[in-house]
Amino acid sequence: MAISKESNNSPLPKHTAVDQEDLVDDNTILVQRTLRSGQTISYHGNVVVLGDVNPGAEIAATGNIIVMGALRGVVHAGAGGDENAIVLAFKLQPTQLRISDHITRPPDNEAIDTAHPEMARIKDGVVTIEAFQTPPERQAKP
Amino acid sequence: MGEVIVITSGKGGVGKTTTAANVGAGLAYLGKKVVLVDTDIGLRNLDMALGLENRIVFDIVDVTSGNCRLRQALIKDKRLDGLHLLPAAQTKDKTAVSPEQMKALCDDLRQEFEYIIIDCPAGIEQGFRNAIAGADKAIVITTPEVSAVRDADRIIGLLEASELREPALIVNRIRPKMVRQGDMMSIEDIIDILAVDLLGVIPEDEMIVITTNRGEPVVLDQSSRLGQSYRNIVKRILGEDVPMMSLDEEGFFGKIRKMFGMR
Ligand SMILES: Nc1ncnc2c1ncn2[C@@H]1O[C@H](COP(=O)(O)OP(=O)(O)O)[C@@H](O)[C@H]1O
Ligand SMILES: [Mg+2]
């Protein structure tokens, strides 16, 4: 089991056959349910959740974490030290979000209502959250 | 063959016992043969909610350990013909019964009753394991508090892991005024997190303290809104399609109607 590849500059899967093979190589687990309070997943690779991650649930992955639902629990992407790891969710409202050894939490007293999928990643040494754009648009940027 | 329904919550004091008493009494009132099983060993109080404390001779541990026959331990309700209680033991602890014994007990009760309602203790340890061991269905109770909802979520996860899927949710002690002011979680907020079907909503009402202390289930009170909210739950358990009632606060249930496609 390999930790996410260093060579992969954009850690999200791209839509070419070669890169999909890369993803398989990276070890991806598909969780086809909502993670409820008290439930945890720890995985050497990427984690994709087809459901929500509720408050009180935790995911730690050496690779990326993608939640096709509301992410309200605690997540740790790049848990093995991968600074390129990302966290992506339809509703990104984590209790706490960690990437590599960066630990972040949402600001106090600020109700965030996320209407769009968002992505968290390390940019210039800090965890930043931005609206998720389709890969071609994102890759066009420097 | 009867149906075994466990009433559970995770957090204590959210209304499991009150709900068990009222659901049981409500079903019996509609002519069903019902037994309420108190599995909160060491903290017995379902008997009090029904005003039956002074009739207890044998309890659930006496039955599972073979000290008496099931028949001997069952207490008939004083008002409702179809209602029976199997009381918890007060002087023992939760390890006095095993999940296997509970399963066997539920199977015995199934032969005789249409509904077996299990009042579960708080927590996620052996008492909880016992209570759910023989259940076919689960009702999860929460109040509109973050901690209660969190515990309900934990419980739903554990129920799912024990093959008790699709539990139904009751939200207890809701205060419409506080919800409108944004000071209390709304039903929509709760359903958004728990993602389960809503079986009913019970308003906060001090009347419940009075009726519980008197040992008279409020579900039998035809005039009160509180009684109505329990009767609606009973009808939904029986498979009737009862719309969520408005708690006199216009628009309060608008969101639910939308979510459930009821107009
Ligand atoms: N809808 C309600 N309005 C006001 N008080 C309530 C309501 N439901 C329950 N209570 C009170 O809350 C307390 C705990 O209820 P109980 O049913 O014993 O909870 P549990 O069995 O979950 O520990 C009791 O004192 C009860 O009278
Ligand atoms: Mg109780």
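The values are calculated or read from the model by the stated rules, or taken from the named source; none is laboratory data. Everything numeric here is computed off the predicted structure, so don't read it as measured data. Cβ coordinates were reconstructed from backbone atoms using ideal geometry, including for glycine residues, and neighbour counts include every protein chain displayed. Side chains included, ligands, DNA and RNA excluded: accessible areas come from the protein's heavy atoms. Shrake-Rupley method; radii C 1.70, N 1.55, O 1.52, S 1.80 Å.
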Discussion item. Rolling a 1.4 angstrom probe over the protein chains, ignoring ligands and nucleic acids, what is the accessible area of B:ASP93 in square angstrom, nearest 10?
Written reply: 90
Practice prompt. Please arrange B:THR212, B:THR91, A:THR62 by accessible surface area, largest first, computed with a 1.4 Å probe and ligands excluded.
Written response: B:THR91, B:THR212, A:THR62
Worksheet item: Angle, helix B:225-237 long axis vs. longest principal axis of chain B, Cα atoms, 0 to 90°, nearest 10?
Response: 70
Worksheet entry | Residue-normalised accessible area of chain B, given per residue in Å² at a 1.4 Å probe | 44
Worksheet item: Ballpark to the nearest 100 Å², how much total accessible area do B and A bury together, probe 1.4 Å?
Response: 900
Fill in: At least 20 Å² of accessible area lost relative to the chain alone, listed for the stretch B:138-170 with a 1.4 Å probe
B:ARG150, B:ASP153, B:ARG154, B:GLY157, B:GLU160
Worksheet entry | Heavy-atom accessible area order for A:THR40, B:THR39, largest first, 1.4 Å probe | A:THR40, B:THR39
Fill in: Loop trypsin sites (Lys or Arg not before Pro), the stretch B:58-96, which have at most 12 other Cβ atoms in a 10 Å radius of their Cβ (DSSP)
B:ARG69, B:LYS78
Worksheet item: Ordering A:TYR43, B:TYR29 by how much accessible area each has at a 1.4 Å probe, largest first, what is the list?
Response: B:TYR29, A:TYR43
Practice prompt. Please count, across the stretch B:3-259, the pairs of lysine residues with Cα atoms under 18 Å apart that sit 8 or more places apart or on different chains.
Written response: 15
Discussion item. Out of the total accessible area of the protein assembly as shown (probe 1.4 Å, heavy atoms of protein only), what percent is carbon and sulfur?
Written reply: 49
Worksheet item: Heavy-atom accessible surface, probe 1.4 Å, ligands and DNA/RNA ignored: which residues of the stretch B:189-229 lose at least 40 Å² versus the isolated chain?
Response: B:ASP192, B:ILE193
Worksheet item: Based only on the alpha carbon positions, what is the Kirkwood hydrodynamic radius of the protein assembly as shown, in angstrom?
Response: 23.3
Discussion item. For the pair B:VAL57/A:ARG105, report the inter-label distance in nm, with labels modelled 7 Å from Cα in the Cβ direction.
Written reply: 5.8
Item to complete: Among the trypsin sites (Lys or Arg not before Pro) in the stretch B:159-247, which ones are in a DSSP loop with at most 16 other Cβ atoms within 10 Å of the Cβ? Mind listing them?
Response: B:ARG165
Fill in: Excluding exposed DSSP-loop GluC sites (Glu not before Pro) (at most 12 other C-beta within 10 Å), longest clean stretch of chain B
B:1-124
Worksheet item: Put simply, what bits of the stretch A:54-69 lose 20 Å² or more of accessible area when the other protein chains are there, versus the chain on its own (1.4 Å probe)?
Response: A:ASN54, A:PRO55
